[in-house]
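Engineer: Before anything else, here's the structure in question.
Nothing in this text is a laboratory measurement; each read-out follows from the coordinates by a stated rule. Every value quoted in this text rests on a predicted model; they were computed, and no experiment measured them. Cβ atoms come from the backbone with ideal geometry, glycine included; neighbour counts cover every protein chain shown.
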Amino acid sequence: MTPPYTRPTTSPKDMTELETGGRDPERASVAERTDGAQARVIAPAKGRTIALRDLNAYYGDTHAVRGVSLDYAANQVTAMIGPSGCGKSTLVRCINRMHEEVPGARAEGQVTLDDIDIYGDGVDPTSVRRVVGMVFQKPNPFPTMSIFDNVAAGIRLSGTRGVDLRERVEWALACAGLWDEVRDRLGAPGVGLSGGQQQRLCIARTIAVEPEVILMDEPCSALDPIATLRIEDLIQDLKERYTIVIVTHNMQQAARVADTTAFMLNGELIEHAPTEKIFSQPADTRTEEYVTGKFG
Ligand SMILES: Nc1ncnc2c1ncn2[C@@H]1O[C@H](COP(=O)(O)OP(=O)(O)OP(=O)(O)O)[C@@H](O)[C@H]1O
Ligand SMILES: [Mg+2]
């Protein structure tokens, strides 16, 4: 299949048309469903595989990610762990081309989604970011916007032609496990929600534009244990539809949610293996020292 987002585009609106037009029925978007009842069914989208090959990332002279090659399986959750400053955030930001937004920053190497090189010629970074959504450490709802508008914002940006906005917002909130809590106050400010609700709102905002990969950079570090477990349950549900990469400092969280775990140190990938193996029989002594709390 020709990847729709490698085609040259003139505007985000055109991109939306290309994306929905080029999809196979398996990836049919909510927008394409006209029957109201059916539109509430979660579309059976599939996540993509991600492959990093000799990925290097720099901030000026700082070499933050060093020759990382790593495969993320589709519809799996992969945890990125490692001590502060080892390059986890930088690495995940290379997967949706956000790293290059930092002045003086650059990335080298290959990142492919299925078989598409996202750093290839003619690839529009904006379209990559639509396919690879991101959720940040601290919930960041748009401060002046209502709950509804927070979720609708991304859809509006990418063009609403043919999209039943209300339907899509409801669907995204339902996917994020928040609909029942907010259905009666969609017009209330997003920032009026609790921290855990705000994080689910941000997840709904990410889902609303129908990505295929979701990157989460410490999405629970600002949340209490109950809200954290709620997000972890949600991650388990979301992996049916998306490929998920989650950065975490919480070893228990990695053990609970991740199918595989990757350990980084000083910008390098030390080891990537099934999570159980990383925590019980890691191949590298540095991994063992880290997961048993000897450093970091
Ligand atoms: N905007 C930036 N400008 C310059 N250097 C940066 C910038 N962001 C990160 N770095 C450097 O890149 C390296 C990797 O940082 P990164 O934020 O990716 O680490 P991390 O593993 O996510 O750490 P943490 O667990 O503390 O979030 C560090 O040496 C850091 O100081
Ligand atoms: Mg970080």
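Engineer: Label segment 69-164 by shape, choosing from rounded, prolate and oblate, from the square roots a ≥ b ≥ c of the eigenvalues of the Cα gyration tensor; if a/c is under 1.5 it is rounded, and otherwise prolate applies when a/b is larger than b/c, oblate when it is not.
Structural biologist: Because a/c hits 1.5 or more and a/b exceeds b/c, segment 69-164 counts as prolate.
Engineer: May I ask you to derive the FRET efficiency for residue 229 and residue 84 from their Cβ-Cβ distance with R0 = 22 Å, giving the value to the nearest 0.05?
Structural biologist: Result of the calculation: an efficiency of 0.35.
Engineer: Let me ask you something else. Can you give me the distance in nm between label points at residue 276 and residue 74, each placed 7 Å from the Cα along the Cα-to-Cβ direction?
Structural biologist: 2.5 nm
Engineer: On a straight-distance basis, which lysines could pair with residue 277 in a cross-link, Cα separation under 27 angstrom, same-chain partners fewer than 8 positions away excluded?
Structural biologist: 46, 88, 239, 294
Engineer: What does the charge dipole of segment 153-244 about its Cα centre add up to, to the nearest 20 debye, if the Cβ of each Lys and Arg holds +1 and the Cβ of each Asp and Glu holds -1?
Structural biologist: 380 debye
Engineer: Quote to one decimal, in nm, the extra length available between residue 142 and residue 54 on full extension: 0.36 nm per residue of separation minus the C-alpha distance between them.
Structural biologist: Extra length available between residue 142 and residue 54 comes to 28.1 nm.
Engineer: Something else about it: Would you mind classifying segment 166-242 by shape? Square roots of the alpha carbon gyration tensor eigenvalues, ordered a ≥ b ≥ c; an a/c under 1.5 is rounded, otherwise it is prolate if a/b is larger than b/c and oblate if not.
Structural biologist: Oblate.
Engineer: Determine the shape class of segment 66-122: with a ≥ b ≥ c the square roots of the Cα gyration tensor eigenvalues, call it rounded for a/c under 1.5, and otherwise prolate if a/b is greater than b/c, oblate otherwise.
Structural biologist: The shape class here is oblate.
Engineer: What distance in nm separates the two pseudo spin-label positions at residue 108 and residue 165, each 7 Å out from Cα along the beta-carbon direction?
Structural biologist: Label at residue 108, label at residue 165, 4.6 nm between them.
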